[in-house]
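Novice: Before anything else, here's the structure in question.
Every number in this text was worked out from the coordinates using simple rules, so none of it is lab data. Predicted model only: the values in this text are computed from it and were never measured. Cβ atoms come from the backbone with ideal geometry, glycine included; neighbour counts cover every protein chain shown.
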Amino acid sequence: MSDFQLRRLGLLMEPEPGLEAEGVLNPAAVRGPDGQLYLFPRLVARGNHSRIGIARVLFNETGDPVGVERLGIALEPEMDYELRSDGTGGCEDPRITFVEPLRRYVMTYTAHSPNGPRIALAISEDLFRWQRLGLATFQPYEDIAFEGVDNKDASVFPVAIPDSSGQPSMAILQRPLFPGTRPEETACEPASRLVDLDRESIWISYCSTAITDCEPFHLGHFGSHHRLAAPVAPWERLKIGGGTPPILTRHGWLTIYHGVSELSESSGSARKLSYSAGVLVLAEESPQVVRYRSREPVLVPELPQEREGIVANVVFPTAIDRRDDLGSTDRFDVYYGMADNRIGVARLDVPEHLPSAAFADPPQARSKTLPSEMRPKEHADK
């Protein structure tokens, strides 16, 4: 396993009847103005209709998260880009960051409309009242058109980041889901498949007008794109995607991302996928530079609650909380979806030194075939 280790603290939320009948999962988490930690889970009602809830995290006497107090709904699908005619879709999988230059919380979330999943944004000053800003838009990059492409799992940085021209900007991590790059599609290809780096990667993109004017209403139009990371290791061979919002550590910007592989007992059309989590560390001054990336996942589906649910064999990290309240700037709690049905929490202690052995696919590369030593090996179902 990686020198970055996640230790499970336990199950935090299970679905209740009604608005959570089909699952409670993939939350955002952020400290409020009162210093308390608030969770924003995706609540899935019958018919796959999703809302974003709000809850206060409860801690025991030693400071471990042990439960939540449900407080209501933060966002309910209302706009045309959040609604589908068959009653499905909605507001899903939020990430929340307090963006210091804007002095506001920024939520990125997945809006499901008849056109498919898209990144939407909302802002708040107190976490309880949210104002929608609409869908994010993305300028093209060379011959790559991001508009009209499905997109999920985006998150923003808390401070201004210089874009390629040096302009202070609000930076976003995003992973467009180009046709043919979903894990259900890439699983049909051979293990030595050619990876399309431009269309299978996590990207970092920039919006300069929001920071320049300090007006969040100018937020949402992103350009100056840079390809960040593509599938490299066996555990992420089928897909790499976003996870927790970037948070600053002693080594740089840390994000816990997700990767998808295929379980060895899959055969024919009955392919079984496994979602795991890994660590990505980006340079503080220039987050386009990858300083570290997990060779092995730091969290894989092992518990029954992670292996059995709405979607089996899934751990899906979406939120991270630095435990400054415990006097430890190197300790983080990671909140994650369990089999698309529940929410768990694990603890990450950042090592004193950045491990030297790490993957980092070359940014200048355009396409490649996975070398034989990095192709998936047969393993038993966990």
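Novice: Got a sec to turn the phi values of segment 232-245 into Karplus ³J(HN,Hα) couplings, 6.51 cos²θ - 1.76 cosθ + 1.60 with θ = phi - 60°, whole Hz, x for Gly and Pro?
Specialist: 10, 7, x, 6, 10, 4, 8, 5, 10, x, x, x, 7, x
Novice: For segment 140-151, take each phi angle, set θ = phi - 60°, evaluate the Karplus expression 6.51 cos²θ - 1.76 cosθ + 1.60, and give the result in whole Hz per residue in order, putting x for glycine and proline.
Specialist: Using θ = phi - 60°, the values come out as x, 10, 6, 9, 9, 9, 7, 5, x, 9, 4, 7 Hz.
Novice: Nearest 5 percent is fine: what portion of the DSSP beta bridges confined to the chain is antiparallel? Working shown, then result.
Specialist: Working: 104 of 109 bridges.
For the chain, the DSSP antiparallel bridge percentage is about 95.
Novice: Would you mind giving the three semi-axes, in whole Å and largest first, of the ellipsoid equivalent to segment 42-104 according to its Cα gyration tensor? Could you put the intermediate results ahead of the total?
Specialist: On the way: eigenvalues 152, 67, 13 Å².
Computed over segment 42-104, the values are 28, 18, 8 Å.
Novice: 5 Å is the cut-off here: which amide hydrogens, built 1.01 Å from N in the peptide plane, fall below it relative to Arg342, excluding neighbours closer than 5 in sequence?
Specialist: Here Val24 satisfy the definition.
Novice: What does the charge add up to near Pro351, with Lys and Arg as +1, Asp and Glu as -1, over the other residues with Cβ less than 14 Å from its Cβ?
Specialist: Details: positive: Arg7, Arg250, Arg291, Arg331, Arg347; negative: Asp3, Asp330, Asp349, Glu352.
Every neighbour counted, the sum reads +1.
Novice: I've got another one for you. In whole Hz and in residue order, list the ³J(HN,Hα) couplings for segment 75-82 that follow from phi through the Karplus curve 6.51 cos²θ - 1.76 cosθ + 1.60, θ = phi - 60°; x for Gly and Pro.
Specialist: 9, 10, x, 9, 7, 5, 7, 10
Novice: What are the residues whose amide H is under 5 Å from the amide H of Lys152, where those residues sit 5 or more places off or on another chain and H is modelled from the backbone?
Specialist: Those lying under 5 Å, H to H, from Lys152 are Arg175, Leu177.
Novice: So what are the radius of gyration and Dmax for the Cα set of the chain, in Å?
Specialist: Every Cα atom of the chain included, Rg and Dmax give 19.3, 55 Å.
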